[in-house]
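Novice: What follows is a structure written as structure tokens; I'll ask about it next.
The values are calculated or read from the model by the stated rules, or taken from the named source; none is laboratory data. Model, not experiment: these values are computed from the prediction. Positions of Cβ are backbone-derived with ideal geometry, glycine not excepted, and every protein chain shown enters the neighbour counts.
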Amino acid sequence: MTNYLLRRSAFLLVSFLIAMVAIFVLLRLLPGDPSNALLSVTATPEQIAAAQAQVGADRPVFEQFLTWFAQLTRLDLGESFISSLPVWPEIAARLAVTVPLTLMAFALALVISLVAGFVAAVKADRWYGILISGISQLGVAVPVFWVGILLVSVFSVGLRWLPSSGFPRDDWADPSDALRSLTLPVITVALVMSASLTRYVRSATLDVVGSDYLRSARAQGSGYTEALWRHGLRNGAVPIISILGIELATTFLGAVVVESVFGLPGLGSMLLKAIEQHDYPNIQGVLFVSTLVVLVIGFAADVAQRLVDPRLRVSISGNR
Amino acid sequence: MSAVLIASTDVARARRHRSWTLLSGLVLVGTVVLVALISLVWLPYAPADTTGTRLEAPSGTHWLGTDKLGRDLATQLMIGARIALVVGLGSVVIGAILGITIGLTAAFAASWLDDTISAALDVVIAFPVLLLAMLIVAAQGASLGSVIVAIGLAMSAVVARLTRVLTKRVLGEQFVTAARTSGTRWPGIVVRHILPNIWPTLSVNLALQFGVAVLAEASLSYLGLGAPPPNASWGRLLQEAQGTVITAPVGAIAPGIALIMLVIGVNFIADGLRDVADPARKGSR
């Protein structure tokens, strides 16, 4: 296990480095100069040179990368080209919206899908079992922002129960206000996420229910519920945990999209604005944090999977 | 599921279920393809023309009504079908060519190269399609081409990993050893033994990826990172109709339904193909 942890951590580190280089290189090598963000169409050559010097684009790409990387190691993400404000506090402020949104949506999706997936598998021949399977099949084809649009039109514009967009100006100063703003976004993301999760839970449950070990346990006189609880849970959890990592990362990105439906000041809207303004430090900062989140989640899921399934611990290969 | 009798009726039911999914998938996707083909030769109106008053309700002259600029919605929706299919096909072609090449290379390569490629693929896969697409669009500017390239690149990693695993499995088969012993060269083995054997599973995955690509394009367009205006992508139609969802609900509903039809259609086809690819797979799991 220690060996595995070391290898997996090394992999995490290397993949993160590769991702950072890729982000930097893609942004610099593709057409478009970072200094364009500061200039009007009619800029004089002197203005262009000054802008390039200001953002450091006049130096060789490799040198720019080293500067950026040195900053990163000090957890300094630089300053915005546009507002000259440091990137890191801005990201931290926006994580206060995106992280609660992601976690609440994920928790809700998990509850929905565990119940729905289990029912759909165990009651596969009942009408409601079939209905759940059908809805989850439909759900994976639905774009998340569309669900958001529909929910807003019904619950905010139509019934006026909840705010349609925005977030309290004073953030979490009044938690109930903040939660009200997050309710519809959370439900939106959770509904869409639970569709695919339900399918995984259903198929894992079907595997467990049809398994030989469960039949053996039953034959030895164990009750159905007891057999499911003692043998089924641990076996069924293995494939689910590895999926959960991917799904949590997807939830995070779903949140990024849904933020623009509901006008939430989260990481997603920051990225979109930065892309629009060619604000490279902000783009890099958001992608740095998102990549880190996604990779760490993957790491945690892999380790958790090993802890649950002793069979996997024997294999030492770094990439499964 | 202990009795043989039960098992065999299960299989029969599963098979009937499969042919039903394949058929409905073909109908759904076929409808969208048909609409897209018709849009190439005939449209109700010129897409950019204001042909009615703002936000008209559906009528004989405007089947789905008009948008907030008075343009015909049915026309926009038909063009959207074309864009969705072009993005889906384009990115699947890019993803398949790149992915299969990389996957085959990794499977045949020396172990250090295989490990390196696999690790690199894991990094790209950990980086979700949408984020990668945003990055490429951020650097290159929003255009239909950037979107297709971005989604195709992200997809290629998934395809490459699958190709590598499938190829390794086939390489371990005795018929490959037999072919090698009888003097078949590697290119011959790839064309005659590996590709035909991995294609069934691969094509199911590619069909699913098509749906993922269509959804990713819709999200990008919705966020304003997709193909710029004259291209009426379904995602952008939804974004434009969002503000008027109560006064003109059709505009916000029709593109969504079109999207779902296409994506669920390809998912159904993938499900149906899976049965052809792997008849031993039982039940509708």
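Novice: Please return the ranges of helices (runs of 4 or more DSSP H) entirely within the stretch B:172-285 where 1 or more residues are farther than 24 Å from A:S153 by Cβ.
Specialist: Details: elements: B:174-181, B:186-189, B:195-222, B:234-241, B:249-277.
So the answer is B:174-181, B:186-189, B:195-222, B:249-277.
Novice: Could you say which residue among B:G265, B:G235, B:G251 is modelled with pLDDT of 90 or more, crowded, with 19+ Cβ neighbours inside 10 Å and farther than 21 Å from B:A157 by Cα?
Specialist: Values: B:G235 fails: modelled with pLDDT of 90 or more; B:G251 fails: modelled with pLDDT of 90 or more.
Checking each option against the conditions leaves just B:G265.
Novice: Follow-up question, since we're still on this one. Are any residues in the stretch A:68-121 more than 27 Å from A:V258 (Cα to Cα) and of a type in the set (D, E, K, R), and if so, which ones?
Specialist: Across the stretch A:68-121, the qualifying residues are A:R74, A:D76.
Novice: Give, as residue ranges, the helices (runs of 4 or more DSSP H) completely inside the stretch A:243-315 that count at least 2 residues that are under 18 Å from the mean Cα position of the chain (by Cα) and facing another protein chain (nearest Cβ under 9 Å). Give the derivation first.
Specialist: Working: elements: A:267-277, A:280-308, A:310-314.
In the stretch A:243-315, the matching helices (runs of 4 or more DSSP H) lie at A:267-277, A:280-308.
Novice: Give the residues of the stretch A:59-105 that are free of Cβ contacts under 8 Å to residues at least 60 places away in the same chain and either touching a Cys at 6+ places or on another chain (Cβ under 6 Å) or among the basic types (K, R) (or both), sorted by residue number.
Specialist: Selection gives A:R59, A:R74.
Novice: Another one. Give B:A254, B:A218, B:A232 a once-over and let me know the one that is away from chain A (no Cβ under 12 Å) and small (G, A, S).
Specialist: Values: B:A254 fails: away from chain A (no Cβ under 12 Å); B:A218 fails: away from chain A (no Cβ under 12 Å).
Selected residue: B:A232, the only one of B:A254, B:A218, B:A232 that is away from chain A (no Cβ under 12 Å) and small (G, A, S).
Novice: Looking for whichever is away from every other protein chain (no Cβ under 14 Å), in a helix (DSSP H, G or I) and without any contact (Cβ under 8 Å) to a residue 60 or more places away in the chain here; the options are B:T116, B:T167, B:T163, B:T105. Which one fits? Step through it out loud before you land on a result.
Specialist: Details: B:T116 fails: away from every other protein chain (no Cβ under 14 Å); B:T167 fails: without any contact (Cβ under 8 Å) to a residue 60 or more places away in the chain; B:T163 fails: without any contact (Cβ under 8 Å) to a residue 60 or more places away in the chain.
Residue meeting the stated conditions: B:T105.
Novice: With the requirement that a residue be of a type in the set (S, T, N, Q), part of a helix (DSSP H, G or I) and farther than 30 Å from B:D275 by Cβ, what does the stretch B:21-65 give you?
Specialist: Taking the stretch B:21-65 as the starting set, the residues that turn out to be of a type in the set (S, T, N, Q) are B:21, B:24, B:31, B:39, B:50-51, B:53, B:59, B:61.
In the following step, the residues that additionally are part of a helix (DSSP H, G or I) were identified as B:21, B:24, B:31, B:39.
Passing the criteria: only B:S39.
Novice: Of all residues in the stretch A:260-307, how many are over 14 Å from A:G245 (Cα atoms) and either of a type in the set (A, V, I, L, M, F, W, C) or touching a His at 6+ places or on another chain (Cβ under 9 Å) (or both)?
Specialist: Counting residues in the stretch A:260-307 that are over 14 Å from A:G245 (Cα atoms) and either of a type in the set (A, V, I, L, M, F, W, C) or touching a His at 6+ places or on another chain (Cβ under 9 Å) (or both) gives 15.
Novice: Of all residues in the stretch B:157-169, how many are surrounded by fewer than 18 Cβ atoms within 10 Å (Cβ to Cβ) and of a type outside the set (K, R)? Outline the logic, then answer.
Specialist: Narrowing the stretch B:157-169 to residues surrounded by fewer than 18 Cβ atoms within 10 Å (Cβ to Cβ): B:165, B:168-169.
From the residues that got through so far, the ones that are of a type outside the set (K, R) too are B:165.
The total comes to 1.
Novice: Next up: Please identify the pairs in which a residue from the stretch A:106-120 that is more than 15 Å from A:L233 (Cα to Cα) has its Cβ atom under 7 Å from the Cβ atom of a residue that is among the basic types (K, R) and at pLDDT below 90, counting only partners at least 6 apart or on another chain.
Specialist: A:A120/A:R202
Novice: For the subset of the stretch B:66-103 comprising residues that are under 22 Å from the mean Cα position of the chain (by Cα) and surrounded by fewer than 20 Cβ atoms within 10 Å (Cβ to Cβ), which member is nearest to B:G251 (Cα to Cα)? Even if it seems obvious, please write down each step before you answer.
Specialist: Quick first cut of the stretch B:66-103, residues under 22 Å from the mean Cα position of the chain (by Cα) only: B:76-103.
Now drop any that are not surrounded by fewer than 20 Cβ atoms within 10 Å (Cβ to Cβ), which leaves B:85-86, B:89-90, B:93, B:97-98, B:101.
Details: B:L85: 20, B:V86: 22, B:L89: 26, B:G90: 27, B:V93: 31, B:I97: 37, B:L98: 37, B:T101: 42 Å.
Per the criteria, the residue is B:L85.
Novice: Regarding A:A121, is this residue within 11 Å of chain B (Cβ to nearest Cβ) and in a loop (DSSP other than H, G, I, E, B)?
Specialist: Details: within 11 Å of chain B (Cβ to nearest Cβ): yes; in a loop (DSSP other than H, G, I, E, B): no.
Answer is no for this residue.
Novice: If you go through the stretch A:216-241, how many residues are modelled with pLDDT under 80, surrounded by fewer than 19 Cβ atoms within 10 Å (Cβ to Cβ) and within 14 Å of chain B (Cβ to nearest Cβ)?
Specialist: Count: 2.
Novice: For A:I149, are the conditions met, namely being at the interface with chain B (Cβ under 8 Å from one of its Cβ atoms) and at pLDDT 85 or above?
Specialist: Working: at the interface with chain B (Cβ under 8 Å from one of its Cβ atoms): yes; at pLDDT 85 or above: yes.
It is true that A:I149 is at the interface with chain B (Cβ under 8 Å from one of its Cβ atoms) and at pLDDT 85 or above.
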